[in-house]
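Below is one structure, written out as structure tokens; the observations come after it.
The values are calculated or read from the model by the stated rules, or taken from the named source; none is laboratory data. Remember, it's a predicted structure, so these values are computed and weren't measured experimentally. Reconstructed Cβ throughout: ideal geometry from the backbone, glycine too, with neighbour counts over all protein chains shown. These area figures cover heavy atoms from the full protein model, side chains too; ligands, DNA and RNA do not enter into them. Shrake-Rupley method; radii C 1.70, N 1.55, O 1.52, S 1.80 Å.
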Amino acid sequence: MRKYLYPGLALLLIIVTVAQVKAMRSARGGVPPQQAAAAAQKETFKVVAEGRLVAYPGAEVTVGSDVAGTLESLAVVEKDRVRKGQTIAIVKADDLRAALGEARARVGEAEADIRLYESEVARAKSLFHEDVGSRQAWEKAERDLDAARARRASAVAEVRRLDAVLAKTVITAPIDGVVITRHVHAGESVESGAPLLTIANLDKTRVEAEIDEYDAARVRLGGEASIAAEGYEESWPGTIEEIPDAVVNRRLKPQDPSKPIDTRVLLVKIAFDEKTPLKLGQRVEVRIR
């Protein structure tokens, strides 16, 4: 019996040892099913790039003042939603209103002179035809009438100019959107062209991805993309909708320090296929199939 027992135990020990070694090798080199699926999905994306959330052209506007002066009121604050044409700020315009009043008074004076000189022209003409007055008096009355008409035209032009400038002191929203930045406060002095507010339509946003120039041939219009952002566990699908015809210098500093910062990139625009909670200007990672 012992003759067969010891060889059997030795064989069993060898089998157990071989099984343990295989299990250890499998544990070292094996990949859990979830990680394997994620790795397989990752391999389907051929181009990986960084980008940021931007507004469509015309959907983000910095509103400025066309006239210099003191900001009398600023009716909105950040995160306020505004409608196109809504009054958002007023520049103090007391001096302009006074100048406009003077210009309108000059128009009235010129019109009074015109009525006077019209009657004098008619009288001088009548006297000349009756051989009582002189042609010189008639011609002088006509010159006075022409001068009065010229003064009225100049005063009317000045009224129109001041009206236009006064209208610019009332600043309205150029688009529907949300106030994302307020650059000044009521009571501050502003220069002509100074920025007051930045308004953006947050419903019209997309991703501007910086695709390395060496990957330019690997992207196409209509291509599928996946957008992810730090702090969010989910990702969002997108579609390439615009590919420019020229490369530019990189605008975003790479998160990966091993990547060069002096490379040129293609600013590919990617539209979201669904609404996202991402913020304007937020940095994102883009994977393109």
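Residue under question is S73, and the condition is that it be of a type outside the set (K, R) and open to solvent by less than 50 Å² (accessible area, probe 1.4 Å); does it hold? So S73 passes the test.
Within the range 121-143, identify whether any single residue is on the phi > 0 side of the Ramachandran plot, among the charged types (D, E, K, R) and in a loop (DSSP other than H, G, I, E, B), and answer yes or no. The answer is yes, given that some residue of the range 121-143 is on the phi > 0 side of the Ramachandran plot, among the charged types (D, E, K, R) and in a loop (DSSP other than H, G, I, E, B).
You will find that of T62, T87, the residue that is closer than 30 Å to A225 by Cβ, within 26 Å of the chain's Cα centre (by Cα), at pLDDT 90 or above and surrounded by fewer than 15 Cβ atoms within 10 Å (Cβ to Cβ) is T62 and no other.
Taking the range 110-135 as the range and being of a type in the set (D, E, K, R) and touching a residue at least 12 places away in the same chain (Cβ under 8 Å) as the test, the residues that pass are E111, D113, E118, E120, R123, K125. Of the strands (runs of 3 or more DSSP E) contained entirely in the range 166-276, those carrying at least 3 residues that are surrounded by 15 or more Cβ atoms within 10 Å (Cβ to Cβ) and of a type outside the set (D, E) fall at 177-182, 195-200, 205-212, 224-228, 235-242, 264-272.
Of everything in the range 90-116 that is of a type in the set (A, V, I, L, M), farther than 24 Å from R149 by Cα and in contact with an Asp or Glu (Cβ under 7 Å, 6 or more places away or on another chain), the residue that is least open to solvent (accessible area, probe 1.4 Å) is V91. A Cβ distance below 6 Å, combined with a sequence gap of six or more or placement on separate chains, defines the contacts here; from the range 266-288, residues that are within 12 Å of G238 (Cβ to Cβ) reach residues that are modelled with pLDDT under 90 and not in a strand (DSSP E or B) in the pairs R287/F45. From the list A157, A137, A122, the one residue that fits, being under 30 Å from A93 (Cβ atoms), more than 19 Å from the chain's Cα centre (by Cα) and of a type outside the set (S, T, N, Q), is A157.
Is it true that G193 is at pLDDT 90 or above and either within 19 Å of E274 (Cα to Cα) or not polar (S, T, N, Q) (or both)? The answer is no for G193. Taken as a whole, the range 79-102 holds at least one residue that is farther than 27 Å from V184 by Cα, of a type in the set (D, E, K, R) and not in a loop (DSSP other than H, G, I, E, B).
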